[in-house]
Amino acid sequence: MKKKLLLLLPLIVAQCSALFAQDPWLVTADKINPNNYYGVTVANGMIGIVSSPEPLKVKDVVLNGAFDTYGRGRVSNILKTFEFANMDLEVDGRRLGRADISNYKQVLDMKNAILTTTFDYSDKVAVKYSIMALRHLPYTMMIDVEVKAKKDCEITPHSVMSAPDMLRDVKNSYALIDRPHALIPLMTSVAKSPTGKHTLAASNSFVFAEERGKEPQLIHEEWDYGMHRLKFSKKMIANETYSFSVVGSTISTEQTPDPLNEAERLTIYAALEKHDRLLKRHKEGWEKLWTSDIKIEGDAEAQRAAHFALYHLYSFCREGQAYSLSPMGLSGLGYNGHVFWDTEIWMYPAILVLHPEMAKSILEYRFERMESARANAKSHGYQGVMFPWESDDKGQEATPVWALTGPFQHHITADVGWAFWKYYQVTHDKEWLKTRGYPMLKEVADFWVSRAEKGTDGKYHIINVVCADEWAENVDDNAYTNGMVKEVLDFAIEASDELKMPVNPKWEEVMNGLVILRNADGVTKEHATYNGETIKQADVNLLSYPMHQVVDKELIKKDLDYYEARMSADGPAMSQAILCILHARLNNTDKAAELFTKSYKPNEVPPFGVLAETAGGTNPYFATGAGGFLQTILNGFGGLDIEEEGIIQLKDIKLPKTWKSLTITGVGVDKKTVTVLGGK
């Protein structure tokens, strides 16, 4: 018996290893090619740290909310902040680079939002380091480093702080804060943004396990105006393991009037909290987020993809602030960090269903920028509020002038109003409706009443817009725009009724009189002059979901059949998501399953599978696509919808054949659990 068990042991170990490799919470990159590498982001809704193919380095550190004018398009861009999470390691006097190491692997633990990298250096050391943007401390990160000596050697770790090229007037400093129970080394940098609009600062510190007085001796080196470093050396004996941490904080005048002192205060706070306490609270923050989760039984790949998309949206957003989501989140400078309809229509719905408190922050971003939207409406000759197509930190129009989307893609204002009412439907927070929801919906409705024009046919029309299908520019009566306007005017009326406020009679007149054009065969016409051209992305089909303007199943099917055949293969992934949801709701489950895979899989890029905007694209991470993909699960196969009574579940929804069950936890304000079983 014992002999048989010994023979079986390798098989058991192999099976356990396979199970570990399929852990739905881990994303592993073990084939790292620096020439074909798209990093993964660890973020906490305020700072985003993007991984690098180079050992002990990060590619970018992005600070939410901080913008200045530089670079692309003569408009505001989100700012990189100091690269305060980089390190170097010398072993016996040799500084390690990519060519020196072996067994290089990076693993993202999505459950705890920790990116861990491991590698070996010849026969001397094995290195493990983990980086996290601390969830409970919005401006602070922590790096854990563990070095195991394979033979006697001397290691010299460096904490490196450098300024990205866009920052100017960089000043570096170093100080030791000496206290009876702690010695806190502070390496700090401060600089101006390109035009001087903002001051940015970062500070970091080593955190050692040794008691006061036994820490390694530190050496600070000023290399140039853009970089300085702090290092120590330690002799190690074979099989010895040495661990330490680095904590650091970064902040700007967008968030505080005194970023230099505040960055140092926050770093001192983290240093004195110590490693174990910081890690515990970080994990607790993510544990709370994951109470709202998607669990797919029977399809490990779909489960991984669902966690990966949720991980990114949770990383890019946080409760209790007034920042929104850019199409690329905090993964870099994509789309200049601006806010589009990508937020309200694509990313926001999943967040609203799973974390209404985070969705509230996204809406607060728009509410606090209503004055800018009011000025924008006035400058275009309209009433109410007119939100910019690309919104920056101040809520101003930040679209480059060569893009006609800026002056003409007006549906964004209806999208914002739609999102506000959906929040009320989910939460039924009447105080919020009174102070936030109704004031927004009233101004949005007033804009559309002033924007719509009554034609000689006695109907209302919206003239000269860019469609949701952005290849259709300067056309009249776009189906998506008109449909969303009808929807939001109805919501404004409902909000008024809820609060017993007077209703502007023009709202109802325009809502009822606004045209949605159809061909003779009943297919909804994308715009007044549409003639079957290839389209960039879903437009008409959005009237069936997330809108409720086309609800007859035969009409939904007609629109699906017609426009699915006309969508460009080069368009963004969200179109596949919408088609998937509609097919799922029509019980075309096999077709929906095919489109589900198309909504994300072709857009994955190596080595982690982060999403690009289009199939074969190179601009990750496309959080908009993640939002659309999550809606295929929540609102397609999960059957969730938002109605007057709140979040409901549609009947007779079927799962893909390989899925045994779908469980969605933490739904809505009541944190309900919704389950769909397979095999129907």
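Here are the numbers:
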quantity: Dipole-positive endmost among LEU266, GLY668, VAL27 within the chain (Cβ charges, Cα centre); calculated: VAL27
quantity: Residues with amide H under 5 Å from that of PHE608, placed H, sequence gap 5 or more; calculated: TYR38
quantity: Helical contribution to [θ] at 222 nm, DSSP H n ≥ 4, -39,500 (n - 2.57), averaged over the chain, rounded to 500; calculated: -9500 deg cm²/dmol
quantity: For region 29-289, with +1 on Lys and Arg beta carbons and -1 on Asp and Glu, the positive-most of HIS282, THR199, VAL160 along the dipole; calculated: HIS282
quantity: Cα-based Kirkwood hydrodynamic radius, region 446-556, one decimal, Å; calculated: 14.6
quantity: Prolate/oblate/rounded label for region 24-170 (Cα gyration tensor, a/c 1.5); calculated: prolate
quantity: Student exercise, the chain dipole from Lys, Arg, Asp, Glu Cβ charges, in Debye to nearest 20; calculated: 1900
quantity: Cα point-scatterer Debye curve for region 29-289, base-10 log of I(q)/I(0) at q = 0.09, 0.12, 0.16 Å⁻¹; calculated: -0.39, -0.70, -1.27
quantity: Protection proxy ranking, peptides 210-216, 354-360, 541-547, 423-429, average beta carbon neighbours within 10 Å, highest first; calculated: 541-547, 354-360, 423-429, 210-216
quantity: Taking the chain and dividing mean pair separation by its residue count, relative contact order in percent (alpha carbons under 8 Å, at least six apart); calculated: 12
quantity: Pairs from LYS557/LYS591; LYS283/LYS598; LYS360/LYS672; LYS171/LYS231 whose Cα-Cα separation, in the structure shown, is over 23 Å; calculated: LYS283/LYS598
quantity: Principal axis dimensions, region 590-680 - Cα atoms, whole angstrom, descending; calculated: 41, 30, 20
quantity: Magnitude of the charge dipole, region 29-289, Cβ model with Lys/Arg +1 and Asp/Glu -1, debye to 20; calculated: 480
quantity: Fully extended contour minus Cα-Cα distance, from THR529 to THR456, at 0.36 nm per residue; calculated: 24.5 nm
quantity: Distance between modelled label sites at SER122 and GLU371, nm, 7 Å Cα→Cβ extension; calculated: 6.4
quantity: Residue among SER52, ASN36, MET236 farthest towards the positive dipole end of region 29-289, charges placed on Cβ; calculated: ASN36
quantity: Pair-distance profile P(r), taking every C-alpha pair of region 369-465, with 10 angstrom steps and integer %; calculated: 16, 43, 30, 10, 0
quantity: Ordering of 96-106, 62-72, 617-627 by burial proxy (mean other Cβ atoms within 10 Å per residue, highest first); calculated: 617-627, 62-72, 96-106
quantity: For region 408-464: Kirkwood Rh in Å [reciprocal of mean 1/r, alpha carbons]; calculated: 12.6
quantity: Rounded to 10°, Cα long-axis angle of helix 411-427 versus longest principal axis of the chain; calculated: 80
quantity: Vicinal HN-Hα couplings computed from phi for region 242-256 (Karplus, 6.51 cos²θ - 1.76 cosθ + 1.60; Hz; Gly/Pro x); calculated: 10, 10, 7, 9, 10, 10, x, 9, 9, 7, 9, 5, 5, 9, 8
quantity: Kirkwood Rh and Cα Rg combined as Rg over Rh, evaluated for the chain; calculated: 1.00
quantity: Set LYS454/LYS486; LYS506/LYS558; LYS486/LYS654; LYS128/LYS150; LYS59/LYS214 screened for pairs whose C-alpha atoms are more than 24 Å apart; calculated: LYS506/LYS558; LYS486/LYS654; LYS59/LYS214
quantity: Debye intensity ratio in log₁₀ form over the Cα atoms of region 173-238, taken at each q of 0.22, 0.23 Å⁻¹; calculated: -0.99, -1.04
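Laboratory data are not the source of any read-out in this text; all were calculated from the coordinates shown. Being a predicted model, the structure only gives us computed values, none of them experimental. Counting neighbours? That spans all protein chains shown, and the Cβs are built from the backbone with ideal geometry, glycine included.
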